[in-house]
Amino acid sequence: MALSHSLGFPRIGRDRELKKAQEAFWKGELDEAGLRAVGRQLRAEHWQLQKDAGIELLPVGDFAWYDQVLTHSLTFGVVPERFRPHSGTPDLSTLFAMARGVGKGCCGGAHAQEMTKWFDTNYHYLVPEFTADQQFALSWEQLFEEVDEARALGHTVKPVIIGPLTYLWLGKVKGETEGFDKLELLDRLLPVYGEILQRLADQGVEWVQIDEPILALDLPQDWKNAFERAYNLIQREPLKKLIATYFGGLEDNLGLAASLPLDGLHIDLVRAPEQYPTILDRLPAYKVLSLGLVNGRNVWRCDLDKALDVLRHAHERLGDRLWVAPSCSLLHSPVDLGREDKLDAELKGWLAFAVQKCEEVALLSHALTEPEAPEVLAALAASRAVQASRAASPRIHKPQVQARLAALRPEDSQRPSPFAERIAKQREGLCLPAFPTTTIGSFPQTAAIRLARQAFKQGKLSEAEYTEAMHSEIRHAVQVQERLDLDVLVHGEAERNDMVEYFAEQLDGYAFTRFGWVQSYGSRCVKPAVIVGDLSRPQAMTVEWIKYAQGLTAKWMKGMLTGPVTMLMWSFPREDVSREVQARQLALAIRDEVLDLEAAGIRIVQIDEAAFREGLPLRKAEWQSYLGWATEAFRLTASGVRDETQIHTHMCYSEFNDVIESIAAMDADVITIETSRSDMELLDAFEAFAYPNEIGPGVYDIHSPRVPDSAEMAKLLRKAAERIPAERLWVNPDCGLKTRAWPETEAALVNMVAAARQLRAEF
Ligand code: GLN
Ligand code: ZN
């Protein structure tokens, strides 16, 4: 037999119970006992769901009040000075303070820990903060309590902890000790792992799962060496250890991972199926091999035959040393497809969420021991039927879309003239002042806007009434921008719920779930749209709104679209065609919209690519290929227009050094970026590369309600002008303003326009 286990289960609950309880607790509407009761209830439910699905070894430690990395920081006593409780021992309020910061009222206030993306997923973790003299001490009992809790319920459990190397890798050294190598902290950290493992052994735990996903990254040699050192020490602890890797192949770390002195190894065969034969050869004869064969990161049903082929082969070689699991923690997939009451039967039949993925894992294990059991035969037949219906479905395969893709020529992704010629024509046609001012697209999404949309969706507002409500928002946004005397206006995006979903809803080939929520961070969940089939745009999506807005003003109205890479990154993609093909289909759909906007008289079109950088693969060796097709997709979107039409793009993050070449290759006439918090240092990359096109470096941070004065913004602009020639600079905020309120938005923009005027006078 092959033991079935799960690496982790989503913690949010089928109905996002955890989110609701957290938020009620923060508002003071639920007390701590109430919050803890919700947590306990969810854990019990999730263990039971997995057990009922047929999972034999259940994860503990996957539950977190906010984030699992944060839980580890508390466990090791990695609590930055500014959050140290007076009483000495951290508690739930310490945890939430670290996650969310505390206002000025309490101990002078403390800003939250930094948050960043968990590998290449859309989950965000709280970055551990170390100091050079960091001490570690077991300071949080949650894991042990939850182990007891699960065992009291009669479950066989496998605690899950983040390994010491991955934990250190994820953290940052703060303070004056910049340049301090955090790897030096390892020897101080390891004794705490020893204690944890000893405690778990005392509790009667047989197996523990130690996650070391950094083994799927390009690791510096000293980190590789540290693995051997660390696990030679850890192996002494008296329980069995499975080291888990996921999100990619082990590649050059394969020999290292296989030979660590541990009892088992989990590998991701969804992301990296090619590593299987080598691992089999390199695995020492005493070790368990856990195969991740069911995709933990997407919503599609597993092709059971395909998985079973590998499994049977492995079983012959490994016998009882073979385990089967999802590829990674199910944290990254929605909870339960059973909740979807509005999906059509065909589509529902193609999908699997966390609960169903557990069933698939169990079925695979079962199929090994009892290949002829009726339920096994039935499940395999059903899986085959799904594969067959998808392979032939006209809902997925659209000859017209494919023919259009096949007919693409290189010149389709090439603007007719080089930038220098285009910009000359654009300057002549647009007649903008130096340091032109604009915004990134959205204006405050007020409660009134959300209420109107809700009422429209519930049928309480007619389409005409809803349109009028949105028109009135647009009129307001245009009036304000004219009063502020901005140069290039936007319509404000009032009608958009979300920058991806809004477009996905209007494209052919997308589907939507009702309950497909996945945790993004803390209590924030996202419900990504699902790319089901070949994508196309049946009709114009934004033209009427933009035309209406342009009709209200004699200034230029900027059309506003989401780019193909961002559409793809923030959706659940297909698995039957490459990301590249999906990006190209999206590119053609959005290109049609760009052309329709141009035909409607719009002279400036912005194509947002907020997720361009986050699409980068984990391994450097794959960057070139990704950047190639991602850049190409953007160019395909943007290249149909005349020279006179100005294409903008926008990206909101602060790391361009390693991708600047591709940013330049996108060849947008203007790029607006987030720079204010980096004090314009971010522009160094653009300067060093001699980036040729126009740039709008954000002059104020939109994440905070603070209103900087015009002197502060003018200072930033002067810094920008030291790096980029003044005639190529634009003036704009860091990002869209949808999360802000109107008063602070207007106040900040007044100052921004004043700063631009100041600069015009100086240059
Ligand atoms: N145009 C979008 C907005 O202003 C861009 C958002 C983003 O880059 N995240 O809201
Ligand atoms: Zn942005």
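The values are calculated or read from the model by the stated rules, or taken from the named source; none is laboratory data. Bear in mind the structure is a predicted one, so any value in this text is a computation, not a measurement. Counting neighbours? That spans all protein chains shown, and the Cβs are built from the backbone with ideal geometry, glycine included. What goes into the accessible areas is simple: the full protein's heavy atoms, side chains included, and nothing from ligands, DNA or RNA. Shrake-Rupley method; radii C 1.70, N 1.55, O 1.52, S 1.80 Å.
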So, by mean Cβ neighbours within 10 angstrom, what's the order for 273-281, 676-684 with the highest one leading? 676-684, 273-281
Search the structure for amide H atoms under 5 Å from the amide H of VAL60, placed 1.01 Å from N in the peptide plane, and list their residues when 5 or more places away or on another chain. LYS158, VAL160
When only DSSP loop residues count, what trypsin sites (Lys or Arg not before Pro) in the stretch 95-182 have their Cβ near at most 12 other Cβ atoms within 10 Å? LYS104
In the chain, if the dipole is taken from +1 on Lys/Arg beta carbons and -1 on Asp/Glu beta carbons about the Cα centre, which of PHE763, MET567, LEU291 is farthest to the positive end? MET567
Between VAL173 and residues 5 or more places away or on another chain, which pairs have amide H atoms under 5 Å apart, with H built 1.01 Å from N, and which residues are they? PHE130
May I ask you to give the solvent-accessible area per residue for the stretch 641-738, in square angstrom, as obtained with a 1.4 angstrom probe? 35
How much accessible surface area, in Å² rounded to 10, belongs to the heavy atoms of LEU377 with a 1.4 Å probe? 80
Starting from 0 in steps of 5 Å, tell me what percent of the Cα-Cα pairs of the stretch 425-568 lands in each bin. 2, 8, 15, 18, 19, 16, 12, 6, 4, 1, 0
How large, in percent, is the carbon and sulfur part of the accessible surface of the chain at a probe radius of 1.4 Å? 51
Descending semi-axes in whole angstrom, ellipsoid equivalent of the stretch 485-600, from the Cα gyration tensor: 28, 18, 11
Relative to the Cα centre, what is the charge dipole magnitude of the chain, using +1 at the beta carbon of each Lys and Arg, -1 at the beta carbon of each Asp and Glu, and rounding to the nearest 20 debye? 900
Tell me, what HN-Hα J-couplings in whole Hz come from the Karplus equation 6.51 cos²θ - 1.76 cosθ + 1.60 at θ = phi - 60° for each residue of the stretch 493-503, using x for Gly and Pro? 6, 4, 6, 9, 6, 7, 6, 9, 4, 4, 7
Given the peptides 754-763, 352-361, arrange them by the average over their residues of other C-beta atoms within 10 Å, most packed first. 352-361, 754-763
dims of the stretch 576-629, Cα set, principal axes, largest to smallest, nearest Å -> 44, 24, 14
Give me the 1.4 Å probe accessible area per residue for the stretch 129-266, excluding ligands and nucleic acids, in Å². 37
Eigenvalues of the Cα gyration tensor times 5, then square-rooted: what semi-axes does that give for the chain, in whole angstrom, largest first? 45, 31, 26
For the stretch 263-357, the Debye formula with one identical point scatterer on each Cα and no solvent gives log10 I(q)/I(0) at q = 0.15, 0.22 Å⁻¹ as -0.62, -1.06
Taking the Cα centre of the stretch 284-338 as origin and charging only Cβ (+1 Lys, Arg; -1 Asp, Glu), how large is the dipole, in debye to the nearest 20? 180
I need the phi-derived Karplus couplings for the stretch 506-515: 6.51 cos²θ - 1.76 cosθ + 1.60, θ = phi - 60°, integer Hz, Gly and Pro marked x. 9, 9, 8, x, 9, 10, 10, 9, 9, 10
Quick check: the angle from helix 186-202's long axis to the longest principal axis of the chain, C-alpha only, nearest 10 degrees? 50
Once a ≥ b ≥ c are taken as the square roots of the eigenvalues of the Cα gyration tensor of the stretch 403-505, is the result rounded (a/c under 1.5), prolate (a/b larger than b/c) or oblate (a/b not larger than b/c)? oblate
Report, by chain and number, residues whose modeled amide H sits under 5 Å from the one on HIS650, excluding near sequence neighbours (fewer than 5 apart, same chain). ILE607, ASP608, GLU609, THR672
With the charge dipole of the chain built from beta-carbon charges (+1 for Lys and Arg, -1 for Asp and Glu) about the Cα centre, the Cα from ALA110, GLN135, GLN582 projecting farthest to the positive end belongs to GLN582
Starting from one equal scatterer on each C-alpha and no solvent at all, send me the Debye-based log10 I(q)/I(0) for the stretch 609-701 at q = 0.14, 0.19 Å⁻¹, two decimals. -0.50, -0.92
Can you list the equivalent-ellipsoid semi-axes of the stretch 22-145, largest first and in whole Å, using the square root of 5 times each Cα gyration tensor eigenvalue? 27, 18, 15
Sum of -39500 (n - 2.57) over DSSP H runs of 4+, divided by residues of the chain (222 nm, nearest 500): -13000 deg cm²/dmol
So what is the accessible area of the stretch 416-526 per residue, in Å², with the probe set to 1.4 Å? 43
Name the GluC sites (Glu not before Pro) in the stretch 141-202 that are in a loop by DSSP and that have at most 14 other C-beta atoms within 10 Å, would you? GLU141, GLU176, GLU178
Going residue by residue through the stretch 17-25, the Karplus relation 6.51 cos²θ - 1.76 cosθ + 1.60 with θ = phi - 60° gives ³J(HN,Hα) values, rounded to whole Hz and with x marking Gly or Pro, of 4, 5, 4, 5, 5, 4, 5, 5, 5
